[in-house]
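K.L.:
My questions all concern the structure below.
The values are calculated or read from the model by the stated rules, or taken from the named source; none is laboratory data. No experiment lies behind these values; they were computed from the predicted model shown. Here the Cβ is made from the backbone with ideal geometry for all residues, glycine too, and neighbour counts use every protein chain on show. Note: accessible area is taken over every heavy atom of the protein model, side chains too, but ligands, DNA and RNA are not part of it. Shrake-Rupley method; radii C 1.70, N 1.55, O 1.52, S 1.80 Å.
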Amino acid sequence: MSDNRQTPIRLDDTDRKILSLLQEDATLSLDDIAARVGASKTPVWNRIRKLREAGVIRSQVALLDPDALGLDACFFVLIRTSEHDPDWARRFLAAVRARPEVIEAHRLAGDIDYILKVRVRNARAYDRFYQALISEVRIHNVTALLSMEELKATTALPLD
C-alpha cells in the first residue's frame, strides 16, 4: 500500500543463479552457493551484498507451515468501501497492519477495492477477525471466500 517503485536492477546470469538458490534455501552456506554458481566465495559474497543494498533481497526469513500451527482456514476477504478519503485509508491500513491474521493485503482496480488473505484456525476465528475489523473501520461490503485447497504457494519470484 505504498509506492516504493524503483527502476528494476539489471541482473546477469550469475545474479539470477544466486537469487534462485537463495529463494529455494536461504540457509545455504556461501561455500555451497559459490560452488553451485561456479564462482569463488568473495565475488559471490560481494554480489549478495550488492543485491541486499539495492533492495533486491529484502530479508531472509523462515517459512512456517500454517497447518502445523493449526491455522487450517485460509480466507480471501473481498472488501468494498464507499469511503475513499485519506483519513479512512489511513485507518483501514492501520487496522489491517495491526492484525496478524492478515498475511497479504492488496488494493485492487475494478469493482472490489481491497483483497485480504487471512489465515486463522477456523470459521469462528475468522468471525472474531471480521467483527474486530468492522468495529475499527466502516466497510460497505465484505465477502469472505474460504479456500478449499491450496493448489500452489510459493515465495519464489520468476527471474527470467
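K.L.:
If you scan region 95-152, which residues turn out to be part of a loop (DSSP other than H, G, I, E, B), in contact (Cβ under 8 Å) with a residue 24 or more places away in the chain, open to solvent by less than 70 Å² (accessible area, probe 1.4 Å) and within 24 Å of ASP85 (Cβ to Cβ)?
P.N.:
Scanning region 95-152 gives ARG99, ILE112, ASP113, VAL137, ILE139.
K.L.:
Further, regarding this structure: What's the total number of residues in region 53-86 that are touching a His at 6+ places or on another chain (Cβ under 9 Å) and either assigned by the TED database to the domain that holds ILE18 or surrounded by 12 or more Cβ atoms within 10 Å (Cβ to Cβ) (or both)? Can you show your working first?
P.N.:
Quick first cut of region 53-86, residues touching a His at 6+ places or on another chain (Cβ under 9 Å) only: 79-83.
Applying the additional criterion that residues be either assigned by the TED database to the domain that holds ILE18 or surrounded by 12 or more Cβ atoms within 10 Å (Cβ to Cβ) (or both) yields 79-81, 83.
Count: 4.
K.L.:
Only one of LEU159, LEU71 is free of Cβ contacts under 8 Å to residues at least 60 places away in the same chain and either closer than 30 Å to ASP25 by Cβ or in contact with a strand residue (DSSP E or B) (Cβ under 8 Å, 6 or more places away or on another chain) (or both). Can you tell me which?
P.N.:
Numbers: LEU159 fails: free of Cβ contacts under 8 Å to residues at least 60 places away in the same chain.
Just one listed residue meets the conditions, LEU71.
K.L.:
When the residues of region 1-52 are filtered to those that are hydroxyl-bearing (Ser, Thr, Tyr) and in a loop (DSSP other than H, G, I, E, B), which remaining residue is surrounded by the most Cβ atoms within 10 Å (Cβ to Cβ)?
P.N.:
We begin by selecting, within region 1-52, every residue hydroxyl-bearing (Ser, Thr, Tyr); these are 2, 7, 14, 20, 27, 29, 40, 42.
Narrowing further to those that are in a loop (DSSP other than H, G, I, E, B): 2, 7, 27, 29, 40.
On the way: SER2: 5, THR7: 5, THR27: 8, SER29: 9, SER40: 12.
Checked region 1-52; the qualifying residue surrounded by the most Cβ atoms within 10 Å (Cβ to Cβ) is SER40.
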